[in-house]
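Below is one structure, written out as structure tokens; the observations come after it.
The values are calculated or read from the model by the stated rules, or taken from the named source; none is laboratory data. As the structure is a prediction and not an experimental result, all values here were calculated from the model. Quick reminder, even Gly has a Cβ in these numbers, built from the backbone with ideal geometry, and neighbours come from all protein chains shown.
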């Protein structure tokens with residue numbers, strides 16, 4: 001989690017409240033008033049051991065600073081984790097290390113965001129995004145070598161990264177109406193850089209992101225307190241907040257959930273909110289965040305002191321993503337319209353950007369050819385002369 005001096009936070013937060021873009025798309029969220037058997041099945045697969053294993057690995061690096069050499073090894077490990085599950089595509093998003101208020105990039109390059117995409121069966125160009133930043137940070141003074149600084153970042157944010165990985169491993173075995181992007185952001189600690197540049201690019205490309213769910217710091221409970229969750233979201237995202245509360249009340253009923261505000265600092269959900277997308281971030285108690293973050297003591301035991309809470313956060317994220325994406329309980333194979341003449345078609349990459357379209361085609365689907373596309377996965381939406389439409393996934397390889 002990125003923290004600022006309080007006086008700067010007040011100024012920036014006030015400015016951003018008046019500079020947010022309106023929602024790019026209008027979507028509603030399902031009314032969740034009873035358990036879904038398939039979602040229950042998903043949540044039963046969440047285990048402490050899986051989360052512990054990921055947090056232990058992520059804290060085994062000297063650091064995960066965005067300006068250190070180790071960040072590339074972390075990126076490679078994340079990619080390897082997604083390569084081992086049933087995912088449609090893995091995408092790396094390179095970005096300049098600059099936040100929304102920077103005028104020039106910072107004097108270093110860094111590893112890309114890591115994005116794993118599961119393509120939806122019914123609305124492949126509508127996206128549910130869940131994410132967590134994988135970089136860590138230690139406050140220092142004077143001259144230092146970023147490659148040798150110890151920055152374990154157990155709570156901030158190995159805990160959130162582990163939650164997204166767990167969500168991806170489990171949900172990858174199910175099918176959904178909408179596409180899901182499991183995201184791992186970099187350079188959050190330098191001003192939400194990775195998530196902001198990605199969300200900004202999505203806005204420019206009119207990518208339809210229905211909702212963004214964030215995980216940042218999930219493992220610390222103030223001694224003597226019970227496990228509870230504070231929700232961070234903007235006023236215009238009240239419908240999303242209501243949806244998350246409903247999901248929490250159904251699937252983790254013993255965990256208190258309420259809205260609150262960070263007294264200082266920010267996290268990646270703001271990147272999406274500022275770019276016109278509904279976004280929310282479940283948080284540890286905002287008044288009792290881990291006192292060890294951004295220090296060498298952000299370690300398992302001190303800073304991550306409740307695996308039970310990390311499981312609760314992960315289950316909440318998973319249930320929200322599953323419901324928002326529209327979990328498919330039975331096969332919904334689209335009606336076969338391939339015998340109808342195609343009037344026009346549109347080609348989208350896995351990030352939801354239209355990369356090619358052609359109108360007045362009037363051909364059978366087997367005759368359609370597209371050129372100048374890079375290797376990768378694409379979604380093609382076909383529209384027939386009878387007013388029907390259907391989607392197909394294609395893999396281009398040279």
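Quick test of your reading of the structure: residue 330 fulfils all but one of (1) surrounded by fewer than 24 Cβ atoms within 10 Å (Cβ to Cβ); (2) over 18 Å from residue 64 (Cβ atoms); (3) modelled with pLDDT of 95 or more. Name the failing condition by number.
In the conditions (1) surrounded by fewer than 24 Cβ atoms within 10 Å (Cβ to Cβ); (2) over 18 Å from residue 64 (Cβ atoms); (3) modelled with pLDDT of 95 or more, residue 330 misses (3) alone.
Looking at region 57-69, which of its residues are out of contact with any helix residue (DSSP H, G or I) (no Cβ under 6 Å at 6 or more places or on another chain) and surrounded by fewer than 18 Cβ atoms within 10 Å (Cβ to Cβ)?
57, 60, 69
Answer yes if at least one residue in region 133-150 is part of a strand (DSSP E or B), closer than 30 Å to residue 319 by Cβ and within 14 Å of the chain's Cα centre (by Cα), and no otherwise. I'd like the intermediate steps shown before the answer.
Step one: list which residues in region 133-150 are part of a strand (DSSP E or B), which gives 133.
Pick out the ones that are also closer than 30 Å to residue 319 by Cβ and you get 133.
From what's left, within 14 Å of the chain's Cα centre (by Cα): 133.
Yes, some residue in region 133-150 is part of a strand (DSSP E or B), closer than 30 Å to residue 319 by Cβ and within 14 Å of the chain's Cα centre (by Cα).
If you take the residues in region 264-283 that are in contact with a strand residue (DSSP E or B) (Cβ under 7 Å, 6 or more places away or on another chain) and assigned to a loop (DSSP other than H, G, I, E, B), which one is farthest from residue 212 (Cα to Cα)? Spell out the reasoning first.
So in region 264-283, the residues in contact with a strand residue (DSSP E or B) (Cβ under 7 Å, 6 or more places away or on another chain) come out as 265-269, 272-273, 277-283.
Next, from what is left, pick out any that are assigned to a loop (DSSP other than H, G, I, E, B): 265, 267-268, 277-278.
Values: 265: 19, 267: 12, 268: 10, 277: 7, 278: 6 Å.
So, considering only residues that are in contact with a strand residue (DSSP E or B) (Cβ under 7 Å, 6 or more places away or on another chain) and assigned to a loop (DSSP other than H, G, I, E, B), the one farthest from residue 212 (Cα to Cα) is 265.
Within region 357-398, how many residues turn out to be part of a strand (DSSP E or B) and either more than 12 Å from residue 343 (Cβ to Cβ) or at pLDDT 75 or above (or both)? Give the steps one after another, and end with the answer.
Residues of region 357-398 that are part of a strand (DSSP E or B), as a first pass: 357-358, 363, 376-384, 389-396.
From the residues that got through so far, the ones that are either more than 12 Å from residue 343 (Cβ to Cβ) or at pLDDT 75 or above (or both) too are 357-358, 376-384, 390-396.
Number satisfying all stated conditions: 18.
Does residue 307 satisfy being in the same structural domain as residue 229 (by TED's automatic domain parsing) and over 14 Å from residue 228 (Cα atoms)?
Details: in the same structural domain as residue 229 (by TED's automatic domain parsing): yes; over 14 Å from residue 228 (Cα atoms): no.
So residue 307 fails the test.
For residue 207, are the conditions met, namely being assigned by TED's automatic domain parsing to the domain that holds residue 87, in contact with a strand residue (DSSP E or B) (Cβ under 7 Å, 6 or more places away or on another chain), surrounded by fewer than 24 Cβ atoms within 10 Å (Cβ to Cβ) and at pLDDT 95 or above? Break it down into steps so the answer makes sense when it comes.
Values: assigned by TED's automatic domain parsing to the domain that holds residue 87: yes; in contact with a strand residue (DSSP E or B) (Cβ under 7 Å, 6 or more places away or on another chain): yes; surrounded by fewer than 24 Cβ atoms within 10 Å (Cβ to Cβ): no; at pLDDT 95 or above: yes.
No: the conditions fail for residue 207.
If I go through region 210-231 residue by residue, how many of them are closer than 22 Å to residue 137 by Cα and either within 18 Å of the chain's Cα centre (by Cα) or surrounded by 23 or more Cβ atoms within 10 Å (Cβ to Cβ) (or both)? I'd like the intermediate steps shown before the answer.
Narrowing region 210-231 to residues closer than 22 Å to residue 137 by Cα: 214-222.
Those left that are additionally either within 18 Å of the chain's Cα centre (by Cα) or surrounded by 23 or more Cβ atoms within 10 Å (Cβ to Cβ) (or both): 214-220.
Total satisfying the criteria: 7.
Any residue at all in region 291-305 that's touching a helix residue (DSSP H, G or I) at 6+ places or on another chain (Cβ under 7 Å) and modelled with pLDDT under 95?
no
Out of 141, 41, which single residue is free of Cβ contacts under 8 Å to residues at least 60 places away in the same chain and more than 30 Å from residue 240 (Cα to Cα)? Talk me through it step by step, then tell me what you get.
On the way: 41 fails: more than 30 Å from residue 240 (Cα to Cα).
Answer to the selection: 141.
Report yes if residue 142 is in contact with a helix residue (DSSP H, G or I) (Cβ under 7 Å, 6 or more places away or on another chain) and under 21 Å from residue 294 (Cα atoms), otherwise no.
Working: in contact with a helix residue (DSSP H, G or I) (Cβ under 7 Å, 6 or more places away or on another chain): no; under 21 Å from residue 294 (Cα atoms): yes.
It is false that residue 142 is in contact with a helix residue (DSSP H, G or I) (Cβ under 7 Å, 6 or more places away or on another chain) and under 21 Å from residue 294 (Cα atoms).
I'm trying to understand the selection: among the residues of region 285-324, which are part of a loop (DSSP other than H, G, I, E, B) and closer than 26 Å to residue 35 by Cβ? Break it down into steps so the answer makes sense when it comes.
First, the residues of region 285-324 that are part of a loop (DSSP other than H, G, I, E, B): 285-299, 301-303, 305-306.
Within region 285-324, 306 is the sole residue that qualifies.
Which one of the conditions (1) crowded, with 19+ Cβ neighbours inside 10 Å; (2) touching a residue at least 60 places away in the same chain (Cβ under 8 Å); (3) over 15 Å from the mean Cα position of the chain (by Cα) does residue 296 fail to meet, given that it meets all the rest?
With (1) crowded, with 19+ Cβ neighbours inside 10 Å; (2) touching a residue at least 60 places away in the same chain (Cβ under 8 Å); (3) over 15 Å from the mean Cα position of the chain (by Cα) applied to residue 296, the lone miss is (1).
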